[in-house]
Amino acid sequence: MKKQVASVEEVQRKLESFCVYQDRCHKEVEKKLEEYNLIPEAKEKILLHLLQENYLNEERFAKSFARGKFRIKKWGRVRITRELKFRDISSYNIKTALIEIDEDEYVKTLYELVEKKKSLIKEINAFKKKKKIVDHLMYKGFESDLIFKTVNEIL
């Protein structure tokens, strides 16, 4: 549904607060812009303003996204990369974002997830139990070689 808005300045203010509330990627801001009946020149003017005033910064978005998804949702690098690509983030910014994840913390989190999942699975068959843990960690987006190494150490 298109929203009726009085002026370009009003839309610009709304999008500024949209970006200030939480780091946004270009795709989210462009989608939000589509909600308003604006001519392409006005949309470009607003996007340019947001970029120049640093309301919209893809590198900052990618870094905070990677940190947040890893720390809060315990996602692995594969899933974070996939989600960032889905949001049309550049390869350079994805690489930069993944540097934000501390390697020791990453491995520690993987071990914690294996232990937690191991205690939750009631499966008696060792192979089935291992498969369930591996599937869970693959879904979370951890690298398969790291998963197998960790699971084999613990089980």
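Derivation of every value follows stated rules applied to the coordinates shown; laboratory data play no part. Keep in mind that what you see is a predicted model, and the values were worked out from it rather than measured. Glycine also receives a Cβ, built like all others from the backbone with ideal geometry; neighbour counts cover every protein chain displayed.
Which of the following values of percent of Cα pairs over 26 Å apart was calculated from the structure shown: [x] 44; [y] 30; [z] 20?
Of the listed options [x] 44; [y] 30; [z] 20, [x] comes from this structure.
Give a quick list of trypsin sites (Lys or Arg not before Pro) in region 1-62 that DSSP marks as loop, anything other than H, G, I, E or B, with at most 16 other Cβ atoms within 10 Å. Don't skip to the answer; put the middle values down first.
Numbers: sites: Lys2, Lys3, Arg13, Lys14, Arg24, Lys27, Lys31, Lys32, Lys43, Lys45, Arg60; in loops: Lys2, Arg24.
Within region 1-62, the qualifying trypsin sites (Lys or Arg not before Pro) (loop, at most 16 other Cβ atoms within 10 Å) are Lys2.
Figure the gain on full extension for Lys85 and Ser17 (residue separation times 0.36 nm, minus the Cα-Cα span) and round it to one decimal in nm.
Values: separation 68, 0.36 × 68 = 24.48 nm, distance 2.50 nm.
The Lys85-Ser17 span can extend by a further 22.0 nm.
In debye to the nearest 20, how big a dipole does the chain give about its Cα centre with +1 on each Lys and Arg Cβ and -1 on each Asp and Glu Cβ? The partial results should precede the final answer.
Working: 35 positive and 27 negative charges, 213 e Å.
Its charge dipole is roughly 1020 debye.
Could you list, bin by bin from short to long, the percent of Cα-Cα pairs of region 19-61 in 5 Å steps?
Calculated over all Cα pairs of region 19-61, the distribution is 5, 23, 34, 24, 11, 3 percent.
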